[in-house]
Amino acid sequence: MTLTAELYFSFRSPYSYLSVGRYRAMAEQYDLEIALRPVWPLAIREPDFFERNHPNWLAYTLRDMMRVAQFHGIAFGPPRPDPIVQDAATRKIAAEQPYIRRVTRMGQAAARRGKGLVFAHEAGQLIWGGQENWHEGNHLAGALERAGLDAAEIEQEVGARSDDLDAEIAANQAALETAGHWGVPTLVFEGEPFFGQDRIEMAQWRMEQRGLAKR
């Protein structure tokens, strides 16, 4: 029996990136379908979040994400550019956010076609894996193609149906909160949320209790 789960994911979240390849591998190894549910990052939902954080938050988070990547052998580096346009000195979030809105809409369009998880991993490797100017040229088109999608079709949909996609992305956030959490990455399986890249093994353990089997 095929099990199903939902992965709530932000393209700006380093921990989302550090989880998505491992969830992809799980879905490829087991009789499991994981539907991607993209959400807007905190910088969009709560623009003052970074301004009101504890001074130690950023330094610790940078240290932790680097060691998680090293521990799991995941290619990792600062995004160039950051998906969020933000003043580095003041941490103020810009009103216009072309990068994160485009890639998140792409993620939702991919999710409509059942390819969201693979696209999120492919795009994440560009954003967080060291690809300079990941937002330019054919980089994202290549990620779409590697996910088995028609890049021109997705680009057209992102341009023409942005309001519809945005409504679905907002609905994803509402569904995440209904499931009992608010942050990403969160995997929801049978109504139970597993928050964080350090809960993947526990999520698999729960699925095994429900009959998770290898393909």
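Structure above, values below:
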| read-out | value |
| --- | --- |
| With DNA, RNA and ligands ignored, accessible area of residue 205 (1.4 Å probe; Å², nearest 10) | 120 Å² |
| Accessible area of the chain divided out per residue, in Å², using a probe of 1.4 angstrom | 49 Å² |
| Under 5 Å, built H, 5+ apart or other chain: amide partners of residue 37 | 7, 8, 9 |
| Cα-based shape type of segment 26-125, given that a ≥ b ≥ c are square roots of the gyration tensor eigenvalues and the cut on a/c is 1.5 | oblate |
| Packing rank of 23-35, 184-196, where each peptide gets the mean count of other beta carbons within 10 Å, highest leading | 184-196, 23-35 |
| Reported label for calculated Cα extents along the principal axes in Å given (1) 63, 38, 32; (2) 50, 42, 33; (3) 59, 33, 30 | (2) |
| Residue-averaged [θ]222 nm for the chain, counting only DSSP H segments that reach four residues, each worth -39500 (n - 2.57) | -16000 deg cm²/dmol |
| Overall form of segment 175-215 per C-alpha gyration tensor (a/c, 1.5; a/b vs b/c) | prolate |
| Percent carbon-and-sulfur accessible area, the chain, ignoring ligands, DNA and RNA, probe 1.4 Å | 51 percent |
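The values are calculated or read from the model by the stated rules, or taken from the named source; none is laboratory data. Fair warning: this is a prediction, and the values are worked out from it, not measured in the lab. Please note: Cβ atoms are built from the backbone with ideal geometry, for glycine as well, and neighbour counts cover all protein chains shown. What goes into the accessible areas is simple: the full protein's heavy atoms, side chains included, and nothing from ligands, DNA or RNA. Shrake-Rupley method; radii C 1.70, N 1.55, O 1.52, S 1.80 Å.
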